[in-house]
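Report on the structure given below.
Nothing in this text is a laboratory measurement; each read-out follows from the coordinates by a stated rule. Nothing here was measured: the structure is a model prediction, and the numbers come from that model. We place every Cβ from the backbone using ideal geometry, glycine too, and count neighbours over all the protein chains shown.
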Amino acid sequence: MALKRCCGYTLSLHAVRGTLCLSGACFVRCVRVQCDRNFAVWDVLREEEFSPLKNADGAAKDTPTTCRNDLCALHRRYAIAAGAVFVHADGTPYTDIQSKQNGKADGQSTHDTDDTVSCEISPLISYAGEGLEEVKGVKLCPPVILELSPDSKLDIRQGSQ
């Protein structure tokens, strides 16, 4: 569901009278099947379950870059929940809050200039944060890629490798 301005027209018998702009709720059902009497709605955390891709790069939002950043942020949260620690090249840890607004009492250190710490986890390793016990206590220097090695073990590539 999305709250949007819904524009429409009032029609008389022969002419369009003008534009009406009202606030409205927009429900979108993408899948239509014959048995749609079983339709359900889930309330989920947007940052974990949804990142729309509607525009090309260069637009303000809903671009391939924002989708990638959202996925990297999710994977970073998975790694932190498993006990990993993200550090800069000099070994200083990243703060918990990443933001470009330094000096705004946001918990950002002077090192933290990127919006998102680049961390990618292969779905062969973990789909929803499970199975990441091997990264507990490991210091990771972004960009980080966790993937499956040819011998079916966790392969951690990090830094500028």
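Listed values, structure above:
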quantity	calculated
Estimated inter-spin distance, Glu49 and Ser160, nm [label 7 Å along Cα→Cβ]	4.2 nm
Cβ-based exposure ranking for Val87, Val144, in which fewest neighbours within 10 Å come first	Val87, Val144
Distant-in-sequence amide H partners of Tyr94 (H built 1.01 Å from N, under 5 Å)	Phe86, Val87, His88
